[in-house]
Amino acid sequence: MKFLKYIPVAFLLILMASCKPKTKAVNIPVVGFVDAFEDATIAQARTGFTDALKKDGFSEDRKTVQIEYRNAQGNIPTLTQIVNYFVSEKVDLLATSTTLATVTALQNTKTIPVFAMVSPVPERMKVLDAAGKAPANLFGALEDLNYIDTSFSIIPKLLKPKGAKLVIGMIYNQAEPQSTDALNRIKSLAQKQNVTIVALPLNTSADAQLVTESLLSKNIDAFFANPDNTVFASFETILKSCNQKNIPIFTSEAGLVQRGAVAAFGADIYQWGYQAGEQAAQYLKTHKTTGLAPQMVKIRKRVYNPATAKKYNITIPSNFEAVK
């Protein structure tokens with residue numbers, strides 16, 4: 001991602017015009033859906049969210065809800081502009097996908113309910129107040145790092161190095177709390193599993209190829225795709241470089257397995273969005289937050305990519321589900 005420091009006035013005027021919701025129909029609730037960046041895996045969360053709304057009777061086709069969707073394309077000023085516009089339009093709720101979108105929404109409204117997905121718990125997002133409390137308007141489905149233990153432990157079990165110490169490479173975003181937290185957790189796990197971690201920072205997707213090739217030059221045995229927005233956005237570049245060097249990729253995100261990683265234990269992104277959508281639908285029925293609270297992600301899967309596993313001659317346990 002390349003974040004622009006300044007945005008021309010003309011661009012802002014165009015952005016404001018494009019952000020303006022359609023004329024609101026009488027008694028039709030409006031949802032402002034904010035995506036931080038464009039990504040095929042992350043897009044599944046939006047599909048899950050809207051499917052959950054439809055199941056509970058909130059459908060754009062039936063004109064029972066109006067969903068205004070905006071994608072910041074990885075640009076922080078644009079993301080802030082989108083959120084502020086939705087706030088000024090007094091949408092009924094905000095749906096936010098990925099950490100950056102959720103944090104930006106929480107920073108810019110304390111009253112409009114924020115239904116988050118593909119985002120970590122408040123502690124990881126650094127949004128707790130001085131008393132250690134999460135924002136009162138935060139809802140949806142969130143994730144902690146406990147699943148990282150299982151995700152990472154898959155690698156030595158599947159690669160089974162014969163006596164040699166396994167070297168695993170990682171890329172992380174220094175600006176994303178969940179990325180640095182995951183790296184620190186993995187380093188702690190690695191010490192217990194005869195694994196060496198080699199990690200390099202990647203803060204913009206524009207540098208993905210250069211950083212990946214630098215990492216691959218350090219004789220790593222496998223690559224672990226961190227839960228990181230920049231890694232998501234750069235995955236095809238990372239995958240191409242790793243494939244050229246015959247280095248398998250493992251991950252904690254099921255969606256990245258569909259895109260070419262070997263295996264993962266992690267949240268189903270579609271179901272993550274669906275879970276947040278169920279909460280949002282409950283709110284739209286009553287316009288009350290009574291009984292609502294942020295939930296932990298409920299559905300995680302062990303998945304593998306048959307073609308990739310075959311390429312690297314890796315035998316996958318029977319409790320893993322093949323991705324289509």
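Looking only at residues that are assigned to a loop (DSSP other than H, G, I, E, B) and among the polar types (S, T, N, Q) in the range 288-324, which one is surrounded by the most Cβ atoms within 10 Å (Cβ to Cβ)?
The residue in question is N305.
Within the range 128-141, can you find the residues that are outside any strand (DSSP E or B), touching a helix residue (DSSP H, G or I) at 6+ places or on another chain (Cβ under 6 Å) and closer than 17 Å to A95 by Cβ?
Within the range 128-141, just P135 meets the criteria.
Mind checking which pairs have a first residue in the range 211-233 that is of a type in the set (F, W, Y) and a second that is not in a helix (DSSP H, G or I), Cβ under 6 Å, 6 or more apart or different chains?
F223/G169; F223/I247; F223/I249; F224/I168; F224/M170; F224/F250; F232/D39
Hey, any hits in the range 84-103 for a residue that's at pLDDT 85 or above and in contact with a Lys or Arg (Cβ under 7 Å, 6 or more places away or on another chain)?
Taking every residue of the range 84-103 in turn, at least one turns out to be at pLDDT 85 or above and in contact with a Lys or Arg (Cβ under 7 Å, 6 or more places away or on another chain).
Using the structure shown, decide if N246 is free of Cβ contacts under 8 Å to residues at least 24 places away in the same chain and out of contact with any Asp or Glu (no Cβ under 7 Å at 6 or more places or on another chain).
For N246, the condition - free of Cβ contacts under 8 Å to residues at least 24 places away in the same chain and out of contact with any Asp or Glu (no Cβ under 7 Å at 6 or more places or on another chain) - is not met.
State whether the residues of the range 206-217 include one that is touching a strand residue (DSSP E or B) at 6+ places or on another chain (Cβ under 6 Å), among the hydrophobic types (A, V, I, L, M, F, W, C) and under 28 Å from L53 (Cα atoms).
Looking through the range 206-217, none of the residues is touching a strand residue (DSSP E or B) at 6+ places or on another chain (Cβ under 6 Å), among the hydrophobic types (A, V, I, L, M, F, W, C) and under 28 Å from L53 (Cα atoms).
For the range 66-85, does any single residue satisfy the condition of being of a type in the set (D, E, K, R), over 14 Å from the mean Cα position of the chain (by Cα) and surrounded by 17 or more Cβ atoms within 10 Å (Cβ to Cβ)?
Among the residues of the range 66-85, at least one is of a type in the set (D, E, K, R), over 14 Å from the mean Cα position of the chain (by Cα) and surrounded by 17 or more Cβ atoms within 10 Å (Cβ to Cβ), which makes the answer yes.
Given the condition assigned by TED's automatic domain parsing to the domain that holds A36 and either assigned to a strand (DSSP E or B) or closer than 29 Å to S214 by Cβ (or both), answer yes or no: does some residue in the range 182-191 qualify?
no
The values are calculated or read from the model by the stated rules, or taken from the named source; none is laboratory data. Only a predicted model underlies this, so the values are computations on that prediction, with no experimental measurement involved. Note: ideal-geometry Cβ built from the backbone for every residue, glycine included; neighbour counts use all protein chains shown.
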